[in-house]
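The values are calculated or read from the model by the stated rules, or taken from the named source; none is laboratory data. Source: prediction; values computed, not measured. Here Cβ is always computed from backbone atoms with ideal geometry, including for glycine, and neighbour counts include all displayed protein chains. Just the protein is used for accessible areas: all its heavy atoms, side chains included, with ligands, DNA and RNA removed. Shrake-Rupley method; radii C 1.70, N 1.55, O 1.52, S 1.80 Å.
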Amino acid sequence: MRQLDKKKSAVQHVVITVDYEGQRIDNFLITRLHGLPKSRIYRMLRKGEVRVNSKRITPFYRLKAEDKVRLPPVFLQERAEQAPPSKTTAALLSGRILYEDEDLLIINKPSGMSVHVGSTVRMGVIEAMRHMYPKLVHLELAHRLDSETSGCLILAKKRRVLRELHELMRAGEVTKLYWALTKGKWKKSELLVDMPLHKHYEEGGKHVVKVDQKGKSAMTGFRSLMIFKQAALMEAKLYTGRTHQIRVHAQYQGHPIAGDDRYGDSEFNKHTRDLGLKRMFLHARSIDFILPSTARRITVVAPLDPELEMIIKKFESQG
């Protein structure tokens, strides 16, 4: 990026270089802001405070080389140097690396840890990993997982690799499988959920996703792995990548995910909590893709955390 405007208290303009070509404007802003609430970023986009080539754009606009991005003064607020992750956090993440080569990292993200900083999050996975890999100046998240979701999370070490991964995801050439413990028993007719989703912003910037015909197309395939008296362990395959997609589609079918405080069932959540589940049972179990530049097929499986294994055994013992 080339800075054209260097005043710290004025509007700034940035010219996009080829390294950032193809990245969505919202992801570009989230990375550049390092901690400004996402609700504020999306509000600036809606109000036209951020513009590209003097025009309003949506959060889904993909940057092109030589695009001129207008950044409002809020981008120029000075921030304190971020402290490194604690030794405990660094050891935790180091122990959860599932795959690494010269192009990317795949970790088994722990539940309860956000992938990046936010208004209430001082350090996320990407910030911690950047401290742990200081020489990887282009280390970026290739996608996201909810804070309470564990499992496979890809980090790209190079801008070229990040663009490749984004293109693969747009083309549906990355297979992501999730495991979820859901309420009740599914019928065969419920196993493919093809319902549009719409993200609603509420007071304070919190968002809730709902099935809405005005929303974006979303499709999730579910497959039964284990069936219990009151629940089922399901495998979910994403055909699209909408926010909270698996959680909302499962809820819409009447089978909310155990431990889901936003879309879940309170009685089911209490039952699983009494059994020892202190988190949401949603786990990014595996990821599979071929990276075009190397023609290498990468297949990674993230083991379940002991807490999830324990809950499965308790449901098995109930029948």
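Site pair R32 and D101 shows an inter-label distance of 3.2 nm when each label is modelled 7 Å from Cα along Cα→Cβ.
If I fit a long axis through the Cα atoms of helix 159-170 and take the longest principal axis of the Cα atoms of the chain, what angle between them do I get, 0 to 90°, rounded to 10? Long axis of 159-170 versus the principal axis of the chain: about 50 degrees. Within the accessible surface of the chain, defined with a 1.4 Å probe on protein heavy atoms only, the carbon and sulfur portion equals 50 percent.
If you plug the beta carbon distance of L225 and H138 into 1/(1 + (r/R0)^6) with R0 = 41 Å, you get a FRET efficiency near 0.65. Placing +1 on the Cβ of every Lys and Arg and -1 on the Cβ of every Asp and Glu, with nothing else charged, gives the chain a dipole about its Cα centre of roughly 900 debye. Computed over the chain with a Gaussian network model linking Cα atoms closer than 10 Å, the most mobile of S189, S150, S266 is S189. Normalised by 2.2 N^0.38 Å, where N is the number of residues, the alpha-carbon radius of gyration of the range 256-319 equals 1.52. Counting only alpha carbon atoms, the long axis of helix 38-47 and the longest principal axis of the chain meet at about 60°.
Taking Lys and Arg as +1 and Asp and Glu as -1, the other residues whose beta-carbon sits under 11 Å from that of L275 total +3.
Students often get this wrong, so check it: of K109/K185; K183/K214; K47/K68, which have C-alpha atoms separated by over 21 Å? K109/K185; K183/K214, as the Cα separations exceed 21 Å there.
With R₀ set to 22 Å, the beta-carbon distance separating T294 from R170 gives a calculated FRET efficiency near 0.70. Nearest 10 degrees is fine. How inclined is helix 306-318 to the longest principal axis of the chain, computing both from alpha carbons? With rounding to tens, the tilt is 20 degrees. Compared with the alpha-carbon gap, the fully stretched path from T88 to R46 is longer by 11.2 nm at 0.36 nm per residue.
Note on log10 I(q)/I(0) by the Debye sum over Cα atoms at q = 0.08, 0.13 Å⁻¹: of the candidates (1) -0.32, -0.89; (2) -0.49, -1.04; (3) -0.39, -1.05, the value calculated from this structure sits at (3).
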